[in-house]
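Working notes, beginning with the structure itself.
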Amino acid sequence: MALIEAIGTSLFCVGAFGVTVALNYAASGWVTWPIAWSAQKLSSVCGALSVLLR
């Protein structure tokens, strides 16, 4: 298996696991939505800044 395929497969598996856990937490009511939305907005801003400051 090529290295790029191994990386892609690993990222897919980790992403699928993360989505499953996130949905489980949300369905169980263990998510504090204001904090979750704030973290998402902050990560979007940091991502945009990292692209602009390259």
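The values are calculated or read from the model by the stated rules, or taken from the named source; none is laboratory data. Quick caveat, the model's predicted, so the values are computed rather than measured. For neighbour counting, all protein chains shown are included, and Cβ atoms are generated from backbone atoms with ideal geometry for every residue, glycine included. In case anyone asks, the SASA skips ligands and DNA or RNA and just uses the protein heavy atoms, side chains included. Shrake-Rupley method; radii C 1.70, N 1.55, O 1.52, S 1.80 Å.
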Every residue in segment 24-37 that is among the small types (Gly, Ala, Ser) and open to solvent by 70 Å² or more (accessible area, probe 1.4 Å), please. ALA27
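What about VAL21, is it open to solvent by 70 Å² or more (accessible area, probe 1.4 Å), β-branched (Val, Ile, Thr) and in a helix (DSSP H, G or I)? Spell out the reasoning first.
Details: open to solvent by 70 Å² or more (accessible area, probe 1.4 Å): no; β-branched (Val, Ile, Thr): yes; in a helix (DSSP H, G or I): yes.
For VAL21, the condition - open to solvent by 70 Å² or more (accessible area, probe 1.4 Å), β-branched (Val, Ile, Thr) and in a helix (DSSP H, G or I) - is not met.
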Report yes if some residue within segment 3-13 is surrounded by fewer than 10 Cβ atoms within 10 Å (Cβ to Cβ) and of a type outside the set (Asp, Glu); otherwise report no. yes
